[in-house]
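Readers should treat all values here as calculations from the given coordinates under stated rules, not as data from a laboratory. A quick note: this is a predicted structure, and the numbers were derived from the prediction, not measured. Backbone-built Cβ (ideal geometry, glycine too); neighbour counts: all protein chains shown.
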Amino acid sequence: MVEQIPKQMIGQVHGELSVSRHGNIVVISAKDDIFRPFGVLILDLERGSLGSLLVAEGYRRKGVATALLKEAERIAKEAGLDRIQAGTHFENEVAHNLLRKLGYFEMTVAEKRL
Ligand SMILES: CC(C)(COP(=O)(O)OP(=O)(O)OC[C@H]1O[C@@H](n2cnc3c(N)ncnc32)[C@H](O)[C@@H]1OP(=O)(O)O)[C@@H](O)C(=O)NCCC(=O)NCCS
């Protein structure tokens with residue numbers, strides 16, 4: 001199922017958000033006029049987690065990630081979730097700024113590669 005989201009959702013960038021769902025995995029992407037993706041976010045409805053957030057250089061700081069996250073939140077809420085989590089590296093200041101701005105509060109998880 002592919003659902004088209006109104007263009008005005010992503011402010012200055014001309015394009016659309018498209019949402020495709022594969023079981024509990026929802027892929028939200030922003031595409032340009034010729035359907036090249038420039039932003040993506042994956043929502044796992046089973047775990048209530050967000051991942052793989054990426055906006056292409058040249059499209060950043062225009063509200064694309066904000067639009068992707070807000071759409072993920074809308075879908076998660078509609079699916080009955082009362083919270084979602086986004087993991088990010090502790091040194092990723094940009095991601096921390098983004099998440100804080102959108103009202104996420106931070107928890108710390110320590111991980112070690114084995
Ligand atoms: C993090 C990332 C997804 C942000 O995408 P974006 O579309 O540029 O983000 P937005 O335009 O929606 O920014 C929203 C807010 O995030 C913060 N932010 C975004 N880019 C920032 C930067 N370069 N420096 C500081 N804060 C920044 C700001 O608070 C910004 O609000 P403002 O523009 O009103 O100040 C993008 O920089 C990216 O793809 N980075 C590499 C991959 C990555 O780090 N992914 C995140 C893993 S959780």
Karplus-derived HN-Hα couplings along the stretch 85-98 (A = 6.51, B = -1.76, C = 1.60, θ = phi - 60°), whole Hz, x at Gly and Pro: 10, 10, x, 8, 5, 5, 8, 7, 4, 4, 5, 4, 4, 4
Computed on Cα atoms, the radius of gyration and Dmax of the chain in angstrom are 14.2, 45
Arg60's amide H: which non-local residues (gap 5+, or another chain) put their own amide H closer than 5 Å, with H modeled 1.01 Å from N in plane and none for Pro or chain starts? none
Per DSSP, the loop-located trypsin sites (Lys or Arg not before Pro) within the stretch 57-98 having at most 11 other beta carbons within 10 Å are Arg61, Arg83
Just to confirm the number: angle between the C-alpha axis of helix 64-78 and the first principal axis of the chain, 0 to 90 degrees, nearest 10? 80 degrees
Can you give me the distance in nm between label points at Lys101 and Glu78, each placed 7 Å from the Cα along the Cα-to-Cβ direction? 2.5 nm
Loop-exposed GluC sites (Glu not before Pro) per DSSP, neighbour cap 13 Cβ within 10 angstrom, longest uninterrupted part of the chain: 1-45
Check: the stretch 38-114 dipole with +1 on Lys, Arg Cβ and -1 on Asp, Glu Cβ, in debye: 200 debye
Taking r as the C-beta separation of Glu93 and Ser52 and R0 as 22 Å, the FRET efficiency to the nearest 0.05 is 0.70
